[in-house]
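The values are calculated or read from the model by the stated rules, or taken from the named source; none is laboratory data. Remember, predicted model here, so these are calculated numbers, not experimental data. Heads up, the Cβs are rebuilt from the backbone with ideal geometry, glycines too, and the neighbour counts pull from every protein chain shown. Surface areas here come from the heavy atoms of the whole protein model, side chains and all, with no ligands, DNA or RNA. Shrake-Rupley method; radii C 1.70, N 1.55, O 1.52, S 1.80 Å.
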Amino acid sequence: MINETSVQLGSVRSVIRELFEYGKKRKAQIGEDNVFDFSLGNPSVAPPEEVNKALISILQEEDEVKVHGYTSAQGDFSVRKAVSDYINKNFGANISPDLIYMTCGAAASLCITLNALLCEGDEVITVAPFFPEYRVFVEHARGKLVPVMGEEGSFQPDLDAIKRAITPSTKAILLNSPNNPSGIVYTEDKIKGLCKILQECKENGQTIYLISDEPYRELTYGGVKVPYIMNYYAESLVCYSFSKSLSLPGERIGYIAVSPRMSEAAKVYAAICGAGRALGYVCAPSLFQMMVKKVIGKTSDVSVYERNRDTLVSALTSYGYEVVRPDGAFYLFVKTLEENSDAFAERAKKYELLLVSAKSFGVEGYVRISYCVSPEMIEKSLPAFKALAQSYEK
Ligand code: PLP
């Protein structure tokens with residue numbers, strides 16, 4: 001007998017993957033350019049040139065045995081030092097390399113962190129809409145995911161609702177800003193308000209950890225800033241990934257940072273090392289660790305995403321759609337023209353538009369558009385969006 005939960009997880013594709021696979025088949029039938037595939041969050045701009053330059057120089061100049069060898073389980077010290085220096089310089093967090101753990105991207109950062117913190121039955125609150133894998137990650141770490149709906153229209157955290165959702169079993173709050181799927185950046189006021197609630201819980205004897213999942217930190221538009229969680233609350237951790245900022249999702253590189261002000265920082269870091277060990281997430285890819293040391297702080301050209309956002313927001317609004325104007329990431333949340341978002345996404349397929357129904361993100365009545373695609377595809381897709389809107393007028 002093998003583990004039934006794992007069989008289930010491995011047999012059922014996520015809605016997003018299902019749609020992506022459908023897109024591949026459809027493209028083979030009617031041609032690549034005739035399907036408007038907005039399903040996946042795969043960066044569409046090249047990594048900054050410094051990435052390849054760094055990789056080439058590492059391969060040409062460093063000792064090849066070292067380049068392809070194991071590093072320390074938690075990551076090479078000099079790489080962790082480069083990460084902590086970057087965090088200290090940019091966010092003033094005063095963190096040491098001994099609180100940084102190099103990982104294979106945000107998914108690994110989250111799985112390690114949740115396995116480090118959660119005991120059987122612990123609850124993790126998150127704000128809906130949320131990244132669907134959160135449920136898988138939290139449940140696999142023995143916990144229970146408790147989604148709390150964001151505020152209607154803005155999808156900012158609803159602080160009163162979060163307060164009501166806190167129970168003696170609440171172990172952590174998991175935030176993702178800029179958000180997948182809404183593209184919303186949580187405001188500093190909301191972060192401060194949330195941290196005040198958590199501080200009150202701490203003073204009443206309950207420590208609730210704040211986990212910030214931030215693969216989209218650098219993808220913001222119009223100068224919008226993403227508050228650095230460690231500056232607002234001591235019991236916080238950052239789960240970071242270079243997948244989107246450097247357009248390297250296939251290379252699997254990121255890190256976990258534990259706040260130096262956390263009351264049991266050393267113990268939590270030990271638990272992170274322990275969970276990493278138990279999950280087999282040790283020694284993140286060493287070539288890419290070395291690359292991080294050379295290019296940290298560089299970002300892909302996100303102006304393309306901003307242009308795509310502007311084109312879509314203005315065109316869709318003019319066709320009568322209601323959209324949640326995003327300040328970050330590369331996702332646009334659009335109100336569906338009928339209540340059932342699954343039915344709307346199905347109807348969109350008739351116009352060759354592949355949109356992800358928001359049901360899988362814990363919200364009804366919206367679809368997600370991943371606009372990390374070429375500006376040409378966006379332009380070409382606009383008549384299809386118009387025709388879809390008109391089909392509801394008849
Ligand atoms: N968290 C969020 C909100 C994401 O959108 C993603 C990927 O799309 C991840 C985590 C996983 O990121 P990675 O590819 O770095 O594991």
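Figures for the structure shown
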{"item": "Estimated FRET transfer efficiency when R0 is 45 angstrom, pair Ser263-Gln29 (beta carbons, to 0.05)", "result": "0.15"}
{"item": "Coil-residue chymotrypsin sites (Phe, Trp or Tyr not before Pro) of the range 50-89, DSSP, other Cβ within 10 Å capped at 10", "result": "Tyr70"}
{"item": "Relative contact order, percent, the range 1-119 [alpha-carbon distance under 8 Å, six or more residues apart]", "result": "14"}
{"item": "Total lysine pairs under 18 Å (Cα atoms) in the range 185-277, excluding pairs fewer than 8 apart on one chain", "result": "5"}
{"item": "Fluctuation leader among Tyr371, Tyr134, Tyr22 - the chain, Gaussian network, Cα springs under 10 angstrom", "result": "Tyr22"}
{"item": "Phi-based couplings in Hz for the range 278-293 (Karplus 6.51, -1.76, 1.60; Gly and Pro marked x)", "result": "5, 8, x, 8, 10, 6, 4, x, 6, 4, 6, 4, 5, 5, 3, 4"}
{"item": "With DNA, RNA and ligands ignored, accessible area of Glu21 (1.4 Å probe; Å², nearest 10)", "result": "50"}
{"item": "Angle between the chain longest axis and helix 49-61 axis [Cα atoms, degrees, rounded to 10]", "result": "40"}
{"item": "Whole-angstrom gap from the range 129-175 to the range 211-284, using each part's C-alpha centre", "result": "18"}
{"item": "Whole-angstrom Cα spans of the range 108-267 along principal axes, big to small", "result": "41, 32, 28"}
{"item": "The chain - Kirkwood radius from inverse mean 1/r over Cα pairs (Å)", "result": "21.9"}
{"item": "Sparse-neighbour loop sites [trypsin sites (Lys or Arg not before Pro); the range 159-267; at most 12 other C-beta within 10 Å; DSSP]", "result": "Lys225"}
{"item": "Tyr86/Arg325 FRET efficiency (R0 35 Å; Cβ-Cβ; nearest 0.05)", "result": "0.70"}
{"item": "Label-point separation in nm, Glu64 to Asn231, each point 7 Å along Cα→Cβ", "result": "4.6"}
{"item": "Over the chain: helical MRE at 222 nm, DSSP H runs n ≥ 4 each giving -39500 (n - 2.57), nearest 500", "result": "-13000 deg cm²/dmol"}
{"item": "Sites matching GluC sites (Glu not before Pro) across the range 141-205 that sit in DSSP coil, with at most 10 neighbouring C-beta atoms within 10 Å", "result": "Glu152"}
{"item": "Nitroxide proxy distance, nm - points 7 Å out along Cα→Cβ at Arg307 and Ser391", "result": "3.0"}
{"item": "Contour minus Cα-Cα distance for Phe77 and Gln206 (0.36 nm per residue)", "result": "43.1 nm"}
{"item": "Out-of-range pairs (alpha-carbon distance over 21 Å; input Lys335/Lys386; Lys350/Lys386; Lys66/Lys298)", "result": "Lys66/Lys298"}
{"item": "FRET E, pair Asp98, Thr317, Förster distance 56 Å, beta-carbon r, rounded to 0.05", "result": "0.70"}
